[in-house]
Number of protein chains: 2
Amino acid sequence: ANEKRLQDKKFKSQAIQKRSAVRALQLMRFCSFEALLERFRQISDKGVLLFSGGPEMTRHDTDHEDLFRQESTFHYLFGVREPGYMGTLDLESGSATLFAPRLPAEYELWMGKIADVDTLQEHYGVDEVVYVDEIAAWFQRRAPTKVYIQRGRNSDSGSEVAPASFDGLSNYDVDEELLHPVVYETRARKNEEELRLLRYVNRISADAHIGMMRQARPGLMEYQLESTFAYSCHYNGGCRLLSYTPIAGSGPNSAVLHYGHAGAPNDRRLEDGDIVLCDMGCEYYCYASDITNSFPATGTFSKDQRLIFETVAAMQFAVLSSMKPGVAWVDMHELAYRVMCEKLTAAGLLVGDVDEMMAANVGGVLMPHGLGHFLGIDTHDVGGYPEGAQRDTRDGFKSLRCQRVLEPGFVLTVEPGVYFVDYSLRKAKEDPELSKFFNWDRIAEFENFGGIRLEDNVLVTDDGIENFTVAPRTVEEVEAVMRGEIADAAALMAWR
Amino acid sequence: ANEKRLQDKKFKSQAIQKRSAVRALQLMRFCSFEALLERFRQISDKGVLLFSGGPEMTRHDTDHEDLFRQESTFHYLFGVREPGYMGTLDLESGSATLFAPRLPAEYELWMGKIADVDTLQEHYGVDEVVYVDEIAAWFQRRAPTKVYIQRGRNSDSGSEVAPASFDGLSNYDVDEELLHPVVYETRARKNEEELRLLRYVNRISADAHIGMMRQARPGLMEYQLESTFAYSCHYNGGCRLLSYTPIAGSGPNSAVLHYGHAGAPNDRRLEDGDIVLCDMGCEYYCYASDITNSFPATGTFSKDQRLIFETVAAMQFAVLSSMKPGVAWVDMHELAYRVMCEKLTAAGLLVGDVDEMMAANVGGVLMPHGLGHFLGIDTHDVGGYPEGAQRDTRDGFKSLRCQRVLEPGFVLTVEPGVYFVDYSLRKAKEDPELSKFFNWDRIAEFENFGGIRLEDNVLVTDDGIENFTVAPRTVEEVEAVMRGEIADAAALMAWR
Ligand SMILES: [Mn+2]
Ligand SMILES: [Mn+2]
């Protein structure tokens, strides 16, 4: 599928950027309204769904205004770029109303021309725009029999949706329970317009990864990889925001799963012999990419680096080849573990029977994170744990952000890895049920190795997957990229 | 002073970055603890000052963790990079205690090695580190006669300091009033270590501005200037964060004072004949720079562009030449307006008597923002309105974030501008007291001109200022930079 898209045409970022501004907005609005209404009408077809956009924020106790990024569900439905909005969908008529803040005349001076309600209505493709300060009057006129608002928790972070509210809402019959799961179920299935955007950010991110890998060499600081990536995404793709804090872990840092945070800001210098793990993605129109590449700092794999890279590549290939509707995601996680155990047993790092290793969960020692997660407007997108889904308690499995059977329209990351982490290995060594499967002498040779992860972003189709990510996935591809022979994703496809 | 620093040595960013990691931390700790204690002891010399660091945050209702940036006062005192800390200073002994979160063993897997209390104590240069969950017990042992915590508002944004607290604090005699103004007064006067950092970020930002201006040309998107700037700061200077959302306003956008926000994300294409206004700065170790350059997209000034640029440069020069201890900041704002009125009268845009223009506040029409603000750990740094300071109500003056008489150690931006904004000009035209001073035919020729601002960052010294900012401040300098003859700040100094 990737090949076809590339043969069809050279990738036209400018064109996509232009059309996305207004047209994609209106298409999205249509697709997402329709999808949510259709699903919610199975519960009720009378009343109004009420949503609140994100508020403006200052950093701590300062005058520093954080760059506003819309709350994700509100973006999904309305695509509004500014803070302070609310919105409704009418279940009966299907009409959409935006409530915009009434801006003081002086706003023009500081922030630019003020759009009137007609301009906003046309721009956002809704049926009606009124001011937020008129919302109570609007509700009085409409007198909805029922108002549905969203209250619930994000299953990954536990953070809560801020329920929409206005002075006078309590005069209506308000339901806070039914909407939340329906929103998450709807967002879990991506529509065509969303898929376009996800393909776009994947291409921009892949090009940026490849460009960055060509620059990588011992002596660079990890943050120089980070800044090279971010620059490419913004300059070439118009992607102002990264979808998460970049991880550029070299040497031992490649095994710190969330390296790159404020306490470890990618500030180590790349050395000869390092593995470098770069987990980076940008977002466009609030749609995320989340790609990981791993490569030797020198551009040439050592024997052990090749072994681990090829193990991880085999894990990823096995999963990508097996994904299709009806397959349980937890089984894919298990499959990745099985391939890991087989490969590392063949290589002499593990010893014993693979079925017994699987029963003892050896995989959880060397890959202590989940195989992948939903991806969309959030990097860790919603819907991974529908009502009633249980979290597994085994290492690795317990970190899965998705506990579902695959369906067409799901978009997930596939990100197996193998890491040599003191913490996990210490624990395994102390546990006789696990310890016996490890060849500790051989494992000791990986003490400062770090880890390798490969991460692609894929769509579940009717009979398999479409892989959005074009990135070096063999030793030969990585080495060719780092020799400078492959300039971008299109060149990599051609090289293949 | 700038010249001397540059003659002394080539700028050694690597060296500064290395030493800053631990040594600057400890020097800062010493300087800022001492300064705060000295000032607070004039009020009381018994008891404990208690501070709270910033918390971890997720974006809205998602699993997206914002990159943590420490609360500014806590950074000033303790320099801690991670969330979840608290800290105390003992007024009697002067000893400093940090309270660190107790991290679960699994933290090592996700975030990296866990530092024990001894390592943290040495790293942060405090007298003692204990865990946050032991803070109540620590207070019981110390039994302070008084606990001072900070409660108050930021005078620019009105956002509130989150007062430090723990279970059991109410058992002590707590004062919430005295500490806040003392913290702000202390932070208003920069110590030597802070000045080093402010010089450093200014140099990195100036180099990035100059590099970006060399690339600028019609056809580029505004965000390509933004990304070029950010890349240079991070790649060359290790400055991961920008100190505020970059403004890259071209053509009419150059007169939108806070252009570049989420609703106007620097997404216009530069055209022939445009003025481009770039207000951008990075931060290092949480210290901010805030520099503005304005230039023609083509690299060559038109006659009118030259006129406005030279007017603004003259306003800036007059202020920089007059600043010294004892001078009221509001008088500098007025001086900028006076120079503007003189120049634009000479050029025929304004007509009449300059004293009368000043009385009618013509300046507030063409430069409707404040002349400058304190700069430090926050871009709009604290202390601009000490207790009792009154906000002026006239246009322009009312936007001043600083209402003080200058003292040695103050660091301010000096950022005069001239803008042709529909909103302001419409208002002026309708007001007979203002309208009579404008040559409306001539003003009409500036309809899509936008505006020009020049912004430097300066320290008030014992007898004048030290200007941290090396940026093109004449038409000739701008044109030479844009012809590619000047590569960075050092080259600009040499060119001069
Ligand atoms: Mn991921
Ligand atoms: Mn400023």
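If you go through segment B:41-74 and pick out every residue that is of a type in the set (Val, Ile, Thr) and within 14 Å of chain A (Cβ to nearest Cβ), you end up with 3. One residue stands out among those in segment A:380-423 that are in a helix (DSSP H, G or I) and without any contact (Cβ under 8 Å) to a residue 60 or more places away in the chain: the one that is nearest to ligand 1 (Cβ to nearest atom), which is A:399. Here residue B:321 meets the list (1) small (Gly, Ala, Ser); (2) free of Cβ contacts under 8 Å to residues at least 24 places away in the same chain; (3) in contact with a helix residue (DSSP H, G or I) (Cβ under 9 Å, 6 or more places away or on another chain) almost entirely, failing just condition (3).
It is to be established whether one or more residues within segment B:166-177 are in contact with an Asp or Glu (Cβ under 7 Å, 6 or more places away or on another chain) and in contact (Cβ under 8 Å) with a residue 24 or more places away in the chain. Taking every residue of segment B:166-177 in turn, none turns out to be in contact with an Asp or Glu (Cβ under 7 Å, 6 or more places away or on another chain) and in contact (Cβ under 8 Å) with a residue 24 or more places away in the chain.
Residues that are in a loop (DSSP other than H, G, I, E, B), in contact (Cβ under 8 Å) with a residue 12 or more places away in the chain and within 12 Å of another protein chain (Cβ to nearest Cβ) occur in segment B:100-109; there is at least one. The condition of being within 23 Å of residue A:225 (Cα to Cα) and touching a helix residue (DSSP H, G or I) at 6+ places or on another chain (Cβ under 8 Å) holds for only one of B:278, B:239, that being B:239.
Here the condition is being at the interface with chain A (Cβ under 9 Å from one of its Cβ atoms) and of a type in the set (S, T, N, Q); of B:191, B:202, B:253, it holds for B:253 alone. Candidates are the residues of segment B:261-287 that are facing chain A (nearest Cβ under 9 Å) and in contact (Cβ under 8 Å) with a residue 24 or more places away in the chain; the one that is surrounded by the most Cβ atoms within 10 Å (Cβ to Cβ) is B:266.
Taking the residues in segment A:75-84 that are part of a helix (DSSP H, G or I) and buried (at least 24 other Cβ atoms within 10 Å of the Cβ) as candidates, determine which candidate is nearest to the other protein chains (Cβ to nearest Cβ). So, considering only residues that are part of a helix (DSSP H, G or I) and buried (at least 24 other Cβ atoms within 10 Å of the Cβ), the one nearest to the other protein chains (Cβ to nearest Cβ) is A:76. Of all residues in segment B:462-495, exactly one satisfies the criterion of being free of Cβ contacts under 8 Å to residues at least 24 places away in the same chain and part of a loop (DSSP other than H, G, I, E, B), namely B:485.
Have a look at A:291, A:275 and point out the one that is more than 24 Å from residue B:58 (Cβ to Cβ), at pLDDT 95 or above and not charged (D, E, K, R). Just one listed residue meets the conditions, A:275. Away from chain B (no Cβ under 12 Å), assigned to a loop (DSSP other than H, G, I, E, B) and over 27 Å from residue A:357 (Cβ atoms) - does that describe any residue in segment A:442-461? Within segment A:442-461 (the criterion being away from chain B (no Cβ under 12 Å), assigned to a loop (DSSP other than H, G, I, E, B) and over 27 Å from residue A:357 (Cβ atoms)), the answer is yes, since at least one residue qualifies. Residue count for segment A:424-439 satisfying the condition of being surrounded by 12 or more Cβ atoms within 10 Å (Cβ to Cβ), in a helix (DSSP H, G or I) and more than 14 Å from chain B (Cβ to nearest Cβ): 4. The set of residues in segment B:354-367 being within 14 Å of chain A (Cβ to nearest Cβ) and either among the aliphatic types (A, V, I, L, M) or within 16 Å of ligand 1 (Cβ to nearest atom) (or both) consists of B:365, B:366, B:367. Within segment A:212-236, the set of residues being more than 9 Å from chain B (Cβ to nearest Cβ), assigned to a helix (DSSP H, G or I) and surrounded by 21 or more Cβ atoms within 10 Å (Cβ to Cβ) comprises A:212, A:213, A:222, A:225, A:229. Regarding segment B:237-247, can at least one residue be identified that is within 12 Å of chain A (Cβ to nearest Cβ), touching a Cys at 6+ places or on another chain (Cβ under 8 Å) and over 27 Å from residue A:267 (Cβ atoms)? Looking for residues that are within 12 Å of chain A (Cβ to nearest Cβ), touching a Cys at 6+ places or on another chain (Cβ under 8 Å) and over 27 Å from residue A:267 (Cβ atoms), one finds at least one in segment B:237-247, hence yes. Annotation: residue B:420 fulfils all but one of (1) within 14 Å of another protein chain (Cβ to nearest Cβ); (2) surrounded by fewer than 22 Cβ atoms within 10 Å (Cβ to Cβ); (3) of a type outside the set (Gly, Ala, Ser); the unmet one is (2). Consider segment B:124-177 and keep the residues that are touching a helix residue (DSSP H, G or I) at 6+ places or on another chain (Cβ under 9 Å) and among the hydroxyl-bearing types (Ser, Thr, Tyr). The one that is nearest to the other protein chains (Cβ to nearest Cβ) is B:155.
Residues in segment A:109-148 that are under 23 Å from residue A:47 (Cβ atoms), crowded, with 16+ Cβ neighbours inside 10 Å and more than 35 Å from the chain's Cα centre (by Cα): 3 in all. Every listed requirement among (1) outside any strand (DSSP E or B); (2) within 14 Å of chain B (Cβ to nearest Cβ) is met by residue A:38 save one, (2). Evaluate segment B:167-177: report whether one residue or more is in contact with a Gly (Cβ under 7 Å, 6 or more places away or on another chain) and outside any loop (DSSP other than H, G, I, E, B). Checked segment B:167-177: no residue is in contact with a Gly (Cβ under 7 Å, 6 or more places away or on another chain) and outside any loop (DSSP other than H, G, I, E, B). Filter segment B:377-406 for residues that are in contact with a helix residue (DSSP H, G or I) (Cβ under 8 Å, 6 or more places away or on another chain) and of a type in the set (Lys, Arg); which is farthest from ligand 2 (Cβ to nearest atom)? So the residue we want is B:394.
Results for (1) within 14 Å of chain A (Cβ to nearest Cβ); (2) crowded, with 23+ Cβ neighbours inside 10 Å; (3) small (Gly, Ala, Ser); (4) more than 25 Å from residue B:153 (Cα to Cα), shown as yes or no for each residue.
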{"site": "B:343", "(1), (2), (3), (4)": "no, no, no, yes"}
{"site": "B:346", "(1), (2), (3), (4)": "no, no, yes, yes"}
{"site": "B:369", "(1), (2), (3), (4)": "yes, yes, no, no"}
{"site": "B:374", "(1), (2), (3), (4)": "yes, yes, no, no"}
{"site": "B:386", "(1), (2), (3), (4)": "no, no, no, no"}
{"site": "B:402", "(1), (2), (3), (4)": "yes, yes, no, no"}
{"site": "B:416", "(1), (2), (3), (4)": "no, yes, no, yes"}
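Looking across A:263, A:299, one residue alone is at pLDDT below 95 and touching an Asp or Glu at 6+ places or on another chain (Cβ under 8 Å). It is A:263.
The values are calculated or read from the model by the stated rules, or taken from the named source; none is laboratory data. These numbers come from a predicted model, not from an experiment. When we count neighbours, we look across all protein chains shown, and the Cβ atoms used for this are built from the backbone with ideal geometry, even at glycine.
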